[in-house]
Amino acid sequence: MVERVEIFEVGPRDGLQNEKREIPVAEKVALTDCLSRAGFSRIEVASFVSPKWVPQMAGSAEVLAGIARAPGVRYAALTPNMRGYEDAVAAKADEIAVFASASEGFSKANINATIEESIMRFLPILEAAKEIGLPVRGYVSCVTDCPFDGVTAPQKVAEVAERLFALGCYEISLGDTIGRGTPDAITAMLKAVTARVPAKNLAGHYHDTSGRALDNIEASLDQGVRVFDAAVGGLGGCPYAPGAAGNVATEAVHRRLTDLGYDTGLDADVLAEAALLARSMRSRQ
Ligand code: HMG
Ligand code: MG
């Protein structure tokens, strides 16, 4: 039987958050609606962060209200604090994500908190989500390199991942935020993390800044990871990580996984359509 590898689509959030042009809600809805036809189980479409920090995500509630929700698809949102959590619940996000870093420099730059402070902020979110049965994903950024602190120790990634997992995150997404990871570095990081969190509860989230994301995905497959985040059309970046280029493109990940003999469950024609749409959103002024 062909083995399934899931692509978690993050284009409407991680992809668009860094775009300079103010993208109208209707365009974000159109992209998400197209993606909803491609066969994803999870699509990250919203981010309830401070609009002063990330203006592009200001219309997140309107996006969640405007999309045509396809049966079987969970629409996800980032929540950095209780305010974001409450807004995400009010907007009927199907799942949420807290986001931490394995490096102090990026933690401070991205969410104005130390790693410890950020985890303290996530505690009430995780408790409240558990009470209403809302799934929470946990991101760990800078899993191999940080734009401020340099190389990240694999043990530090393992420590943060284990804490988020122990607190109730159902899956830990490991972010190579600035795409500097190599297959060797990713392998070393995953060996440390899988000693503490099962591979089935991990995802790879690799930015393609250096063109190595697909090789890093292959290295991760060897370590048992079976979920990968990607952004259609290669949209993306992080406004608080200088040098973070786009996420690895969904259609390229789909192609590589298919070539390797895995099944993604995605429709390549719809993906191509969504990639065209994503690229046109990026180039429009
Ligand atoms: P702060 O300035 O330390 O906190 O920001 P604050 O509590 O003083 O709030 C500042 C202002 O934001 C206040 O407004 C708050 O009300 C407001 P003011 O009084 O000045 O008018 N505020 C909010 N507004 C809307 N929604 C909220 C919210 N919270 C506060 N939830 C904070 C702290 C965490 C809010 C801020 O640093 C922030 O929003 N950071 C988000 C940065 C971000 O979104 N980065 C990109 C996503 S992470 C990423 O891309 C990486 C990832 O893809 C994985 C990878 O690639 O590695 C996930
Ligand atoms: Mg990212």
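The values are calculated or read from the model by the stated rules, or taken from the named source; none is laboratory data. On a predicted model such as this, the values are computed, not experimentally measured, just so you know. Here the Cβ is made from the backbone with ideal geometry for all residues, glycine too, and neighbour counts use every protein chain on show.
Condition check ((1) more than 18 Å from the chain's Cα centre (by Cα); (2) among the hydroxyl-bearing types (Ser, Thr, Tyr); (3) within 16 Å of ligand 2 (Cβ to nearest atom); (4) surrounded by fewer than 16 Cβ atoms within 10 Å (Cβ to Cβ)) across all residues:
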{"position": "Ile178", "(1), (2), (3), (4)": "no, no, yes, no"}
{"position": "Gly181", "(1), (2), (3), (4)": "no, no, yes, no"}
{"position": "Ala192", "(1), (2), (3), (4)": "yes, no, no, no"}
{"position": "Pro198", "(1), (2), (3), (4)": "yes, no, no, yes"}
{"position": "Asp222", "(1), (2), (3), (4)": "yes, no, no, yes"}
The stretch 18-48, residues that are buried (at least 21 other Cβ atoms within 10 Å of the Cβ) and within 16 Å of ligand 2 (Cβ to nearest atom): Arg42, Ile43, Glu44, Val45, Ala46, Ser47
Unmet criterion (only one of (1) within 25 Å of Lys52 (Cβ to Cβ); (2) of a type outside the set (S, T, N, Q); (3) over 19 Å from the mean Cα position of the chain (by Cα)) for Glu131: (1)
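Yes/no matrix, rows are residues, columns are (1) free of Cβ contacts under 8 Å to residues at least 12 places away in the same chain; (2) within 15 Å of Ser101 (Cα to Cα); (3) within 18 Å of the chain's Cα centre (by Cα):
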residue: Pro135; (1), (2), (3): no, no, yes
residue: Val143; (1), (2), (3): no, yes, yes
residue: Thr152; (1), (2), (3): no, yes, no
residue: Arg163; (1), (2), (3): no, yes, no
residue: Leu174; (1), (2), (3): no, yes, yes
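Which of the helices (runs of 4 or more DSSP H) contained wholly in the stretch 114-230 include at least 3 residues that are at pLDDT below 95 and within 15 Å of ligand 1 (Cβ to nearest atom)? Let's see the steps before the verdict.
Details: elements: 115-132, 154-166, 183-194, 213-222.
Answer list for the stretch 114-230: none.
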In the stretch 204-220, the residues that are closer than 24 Å to Arg282 by Cβ, small (Gly, Ala, Ser) and within 16 Å of ligand 2 (Cβ to nearest atom): Gly204, Ser210, Ala213
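Answer yes or no as to whether Gly150 is closer than 26 Å to Gln17 by Cβ and surrounded by fewer than 24 Cβ atoms within 10 Å (Cβ to Cβ). If you could, list the steps in order and put the result at the bottom.
Working: closer than 26 Å to Gln17 by Cβ: yes; surrounded by fewer than 24 Cβ atoms within 10 Å (Cβ to Cβ): yes.
Against the criterion (closer than 26 Å to Gln17 by Cβ and surrounded by fewer than 24 Cβ atoms within 10 Å (Cβ to Cβ)), Gly150 qualifies.
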Matching option when the condition is part of a helix (DSSP H, G or I) and within 15 Å of ligand 1 (Cβ to nearest atom), among Ala88, Ala97, Ala77: Ala88
Every pair of residues 6+ apart whose Cβ atoms lie under 6 Å, when the first sits in the stretch 112-127 and is farther than 14 Å from Thr79 by Cα and touching a residue at least 40 places away in the same chain (Cβ under 8 Å) while the second is away from ligand 2 (no atom under 16 Å from the Cβ) and of a type in the set (Phe, Trp, Tyr): none
Number of the exception - Glu19 against (1) in contact with a strand residue (DSSP E or B) (Cβ under 6 Å, 6 or more places away or on another chain); (2) within 16 Å of ligand 1 (Cβ to nearest atom): (1)
Residue list for the stretch 231-253, filter: modelled with pLDDT of 95 or more, part of a helix (DSSP H, G or I) and over 21 Å from Ala199 (Cβ atoms): Val232, Thr250, Glu251, Ala252
